[in-house]
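The values are calculated or read from the model by the stated rules, or taken from the named source; none is laboratory data. Note that the structure is predicted; figures quoted are calculated from it, not measured. No Cβ is skipped: glycine too gets one built from the backbone with ideal geometry, and neighbour counts run over all protein chains shown.
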């Protein structure tokens, strides 16, 4: 479970729950003013209702901290879910890859490559949730069909052209 908010989101937070492959199980878009713990309660309740067999969830450090661990207790007592918080080490400075958190970050990377999700163009949060689901359906369909995903990214197109030209020149 992880949330993402950036300057391009116009005051929205995207909360995602993904499986170990990075495929979306539950998505929820809230206003940026909604704190992580109340947003976490709502998405965990939805997760427990849709997927009763899930027992363990790894969550971002924003969903619980040293002062307030009520979400962890609530998930355990009310929903029967074991919520483990993936925390950053206090002594490490700069970027650090955290176990299990990279799966969600990779999913956000897959999603943000869709033009419609690069910025939040939708007026309503339910429309934003739908666009995230459509983007994941597109990605999963392409993978099931065995097709490679092509993105409309000018930098990647130029890099592919350069590699193609270099391969032709080397031959």
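Here are the numbers:
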| item | result |
| --- | --- |
| Number of positions in segment 26-38 that are in contact with a helix residue (DSSP H, G or I) (Cβ under 8 Å, 6 or more places away or on another chain) and part of a helix (DSSP H, G or I) | 2 |
| Odd one out for residue 99 among (1) more than 17 Å from residue 25 (Cα to Cα); (2) surrounded by 10 or more Cβ atoms within 10 Å (Cβ to Cβ); (3) at pLDDT below 85; (4) in contact with a strand residue (DSSP E or B) (Cβ under 9 Å, 6 or more places away or on another chain) | (2) |
| Any chance residue 124 is more than 16 Å from residue 25 (Cα to Cα) and at pLDDT 80 or above | yes |
| Qualifying residue in segment 3-11 (condition: buried (at least 16 other Cβ atoms within 10 Å of the Cβ) and at pLDDT 75 or above) | no |
| Selection from segment 48-65 of residues that are part of a helix (DSSP H, G or I) and within 19 Å of residue 105 (Cα to Cα) | 61, 62, 63 |
